[in-house]
1. Of all residues in segment 97-141 being hydroxyl-bearing (Ser, Thr, Tyr) and in contact with a His (Cβ under 8 Å, 6 or more places away or on another chain), which is farthest from LEU7 (Cα to Cα)?
2. Quick check, is GLU193 under 16 Å from VAL48 (Cα atoms), modelled with pLDDT under 95 and among the charged types (D, E, K, R)?
3. Of everything in segment 144-155, what is surrounded by 13 or more Cβ atoms within 10 Å (Cβ to Cβ), aliphatic (A, V, I, L, M) and either farther than 25 Å from VAL57 by Cβ or more than 15 Å from the chain's Cα centre (by Cα) (or both)? Give them in sequence order.
4. Looking only at segment 5-62, which residues are within 24 Å of GLU178 (Cα to Cα), without any contact (Cβ under 8 Å) to a residue 12 or more places away in the chain and not β-branched (Val, Ile, Thr)?
5. Return the residue satisfying two criteria in turn: it lies in segment 156-187 and is among the charged types (D, E, K, R) and closer than 19 Å to ASP53 by Cβ, and of such residues it is surrounded by the fewest Cβ atoms within 10 Å (Cβ to Cβ).
6. Tell me, please, whether a residue that is within 22 Å of GLN120 (Cβ to Cβ), at pLDDT 95 or above and of a type in the set (Phe, Trp, Tyr) can be found in segment 48-62.
7. Right, VAL141: of a type in the set (A, V, I, L, M) and crowded, with 16+ Cβ neighbours inside 10 Å or not?
8. Considering each residue of segment 123-139, count those that are touching a residue at least 12 places away in the same chain (Cβ under 8 Å) and under 23 Å from PHE25 (Cα atoms), and give that number.
Amino acid sequence: MNYLAHLFLAQPTADSCFGNLLGDFRRGVDLSAYSEGVRAGVANHIFVDKFTDTHNVVRLARGEVSAERRRFAGIILDVLFDHFLIKHWSRYSEQHFSEFSHTAYACLAQRVSIMPEAMQGMINSMLTHRWLDTYTQLQGVDRALERTASRIRFKHGFHGSINEVHRNYAVFEQTFLEFFPQLMAAVRQHGAEA
């Protein structure tokens, strides 16, 4: 899952939001230096990623991506799932999306100073450019995918991944609608942040 989904599956606290995104930046980080709430957020992030990566409907959806880009199928779906989460927001939350994103940005802003350096840059950009809101439109999904492609240091065919999205939009949307309620239930049952 991508940033929005991780924040949605976090608790509405600064430590939890930080921890649930720190999961992607934890390599080489001494997690014992952080609060129990942050560490629980990291544990939740790890659980969400593992559940997503091993779920059968997600694996089948990754198989729809062309051979040229299949190695990046997980990234494409992660970003696109944030778009579908916003599109179908009212199915999963009674809180308006703009209110949720405002709270999430505020929580993250409270912890920027203690984040690993690489994460600080990313979060500052997220806060400045309001990344979560950009996933409303496929143009924002395209920008996120292209930003990711530009950071890959080896020769690849990831640029233009939005074509995979357009080609398989209905299949990917149905995958999300089947998968996401199961993920929500699994997170509640797992209770990493209970």
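The values are calculated or read from the model by the stated rules, or taken from the named source; none is laboratory data. Bear in mind the structure is a predicted one, so any value in this text is a computation, not a measurement. Don't worry about glycine lacking a Cβ; one is built from the backbone with ideal geometry, like all the others, and counts go over all protein chains shown.
1. Out of the qualifying residues, it is THR136.
2. yes
3. The answer is ALA149, and nothing else.
4. Once the filter is applied, which keeps residues that are within 24 Å of GLU178 (Cα to Cα), without any contact (Cβ under 8 Å) to a residue 12 or more places away in the chain and not β-branched (Val, Ile, Thr), segment 5-62 yields LYS50, ASN56, ARG59.
5. GLU178
6. no
7. It is true that VAL141 is of a type in the set (A, V, I, L, M) and crowded, with 16+ Cβ neighbours inside 10 Å.
8. The total comes to 9.
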